[in-house]
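Heads up, the thing below is written out as structure tokens.
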Amino acid sequence: MNVKTVYQAAGACYILAVRILLIDDDAELCTLLVELLSREGFSTECQHEGKRGLDRALHGGFDAVILDVMLPGLDGFEILHRLRAESRVPVLMLTARGEDLDRIAGLEMGADDYLGKPFNSRELVARIRAILRRLERPPSQAGPLEVNGVRIDPGTREVSVNGRKIELTTFEFDILELLMRSAGKVISRDDLMEHLYNRKATAFDRSVDMHVSHLRKKLETGHPLIKTIRGSGYQFCRTAEEMAGTS
């Protein structure tokens, strides 16, 4: 069973199942997914309407949200936009197969991952578990790091650029820390995918690329700090010389 520790008292350890909120107007699909996720040890609640789904996502204390794009009331993008203004709860977006613009928009707005419909149920479970595993990692024991004007503190997960604090999503911070600790070296897309999602990159999976693109915008100093090494991966630039020719 997927469980999380709630609290300890009088020598007893109290636990609850990991709680998932599913926001999708397809009642039949929701019924199937609740049964599937229950067998996998998750406690799942369904909401079929956008406004109610947003309210539950904000105030229901869930560990992760599965969010469909097409919804009555509020669509998935508006829900994600409002949710990210107040919460960092992990969000896995469900999009129509082949709707690349929907996937890109979702990732740009702060979704942690996406999955196209129709999908394999095992893949859905694997992606949820990959997201949750990242959240369950113990706090980093590494100290603050500063490279080329960017400072990160893994303990507090704070980031500043030339003294200016910026807000990053969980995925963006993890990408930045990985790149900065290997500054000057090229980190492949496969390595980033393994680190973030515990799966190999594919030619059509642009999730890492979109997270890096969003990260670049937030780090903007007039001189791009993350270089794309075509056919290889990404490099965090240590010096002005390395920034020359950044793509």
Does ILE187 satisfy the criteria of being part of a helix (DSSP H, G or I) and β-branched (Val, Ile, Thr)?
no
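Out of the residues in the stretch 211-228 meeting the condition of being under 13 Å from THR239 (Cα atoms) and outside any loop (DSSP other than H, G, I, E, B), tell me which one is farthest from the chain's Cα centre (by Cα).
To start, the set of residues in the stretch 211-228 that are under 13 Å from THR239 (Cα atoms) comprises 223-227.
Cutting the leftovers down to outside any loop (DSSP other than H, G, I, E, B) gives us 226-227.
Working: ILE226: 19, LYS227: 21 Å.
So the residue we want is LYS227.
It is to be established whether one or more residues within the stretch 47-56 are modelled with pLDDT under 90, under 20 Å from the mean Cα position of the chain (by Cα) and not in a strand (DSSP E or B).
No, because not a single residue in the stretch 47-56 is modelled with pLDDT under 90, under 20 Å from the mean Cα position of the chain (by Cα) and not in a strand (DSSP E or B).
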Matching residues in the stretch 59-73 - criterion: being over 23 Å from ILE104 (Cα atoms) and either surrounded by fewer than 20 Cβ atoms within 10 Å (Cβ to Cβ) or more than 16 Å from the chain's Cα centre (by Cα) (or both)
HIS59, GLY60, GLY61
All conditions in (1) among the hydrophobic types (A, V, I, L, M, F, W, C); (2) touching a residue at least 24 places away in the same chain (Cβ under 8 Å); (3) surrounded by fewer than 17 Cβ atoms within 10 Å (Cβ to Cβ) are true of ILE187 except (3)
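Please enumerate the residues belonging to the stretch 36-50 that are acidic (Asp, Glu) and over 20 Å from GLY60 (Cα atoms).
Answer for the stretch 36-50, where residues must be acidic (Asp, Glu) and over 20 Å from GLY60 (Cα atoms): just GLU40.
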For TYR234, work out the one condition from (1) farther than 17 Å from ASP191 by Cβ; (2) within 24 Å of the chain's Cα centre (by Cα); (3) at pLDDT 85 or above it doesn't fulfil.
(1)
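Given the structure, is ARG157 closer than 30 Å to GLY60 by Cβ, among the basic types (Lys, Arg) and assigned by TED's automatic domain parsing to the domain that holds LEU37? Don't jump to the end; show me each part of the working.
Working: closer than 30 Å to GLY60 by Cβ: yes; among the basic types (Lys, Arg): yes; assigned by TED's automatic domain parsing to the domain that holds LEU37: no.
No; evaluated as a whole, the condition is false for this residue.
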Filter the stretch 159-184 down to the residues that are more than 18 Å from GLY106 (Cβ to Cβ), modelled with pLDDT of 90 or more and in a helix (DSSP H, G or I) and list them by number.
LEU176, GLU177, LEU178, LEU179, MET180, ARG181
Odd one out for THR156, checked against (1) assigned to a helix (DSSP H, G or I); (2) exposed (fewer than 15 other Cβ atoms within 10 Å of the Cβ)
(1)
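The values are calculated or read from the model by the stated rules, or taken from the named source; none is laboratory data. Fair warning: this is a prediction, and the values are worked out from it, not measured in the lab. When we count neighbours, we look across all protein chains shown, and the Cβ atoms used for this are built from the backbone with ideal geometry, even at glycine.
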